[in-house]
Amino acid sequence: MTTTIPLPTSKTKSLRVSLKRILVTTDFSDASRQAFLLGAEFAGQFGAALTLVYVFPTALPAELGHIGIVLELQRLAGEATAAGRTVEPQAPP
């Protein structure tokens, strides 16, 4: 899907936008949750794929970070499904 968006600097020009992939980063904060919901909305509007990324600090043991990632991915997938979005299962990191 392509959407026309007016440019903020000109009243006569517009920009055609077609999104195929949307990347949303998370640190599991409330702000990240809002970013995820906005990304899911855009993905639905444009028929785009949504990818959620979390990069954990190298100082954190991977086995501890992995548990949080899996639980958060499950929670976000549940929210997306409840919002009527299709969620493709992915292997945990």
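The values are calculated or read from the model by the stated rules, or taken from the named source; none is laboratory data. What you see is a predicted model, and the numbers here were worked out from it, not measured in a lab. All Cβ positions, even for glycine, are placed from backbone atoms using ideal geometry, and neighbour counts span all protein chains on display.
Just to be sure, is residue 36 modelled with pLDDT of 65 or more and at positive phi?
On the way: modelled with pLDDT of 65 or more: yes; at positive phi: no.
So residue 36 does not fit the description; no.
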With the requirement that a residue be under 13 Å from residue 21 (Cβ atoms) and either in contact with a Pro (Cβ under 8 Å, 6 or more places away or on another chain) or in contact (Cβ under 8 Å) with a residue 24 or more places away in the chain (or both), what does region 33-49 give you?
43, 46, 47, 48, 49
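I'd like to know if region 4-17 contains one or more residues that are at pLDDT below 90, surrounded by 13 or more Cβ atoms within 10 Å (Cβ to Cβ) and not aromatic (Phe, Trp, Tyr).
As a first pass, look at region 4-17 and keep what is at pLDDT below 90: 4-17.
Next, only the ones that are surrounded by 13 or more Cβ atoms within 10 Å (Cβ to Cβ) stay: none.
The answer is no; no qualifying residue exists.
Hey, among the residues in region 43-73 that are in a helix (DSSP H, G or I) and surrounded by 15 or more Cβ atoms within 10 Å (Cβ to Cβ), which one's modelled with the lowest pLDDT? Can you show your working first?
As a first pass, look at region 43-73 and keep what is in a helix (DSSP H, G or I): 43-46, 62-73.
With the extra rule that they be surrounded by 15 or more Cβ atoms within 10 Å (Cβ to Cβ), the set shrinks to 43-44, 46, 65, 69, 72-73.
Values: 43: 91, 44: 90, 46: 88, 65: 53, 69: 71, 72: 77, 73: 78.
Per the criteria, the residue is 65.
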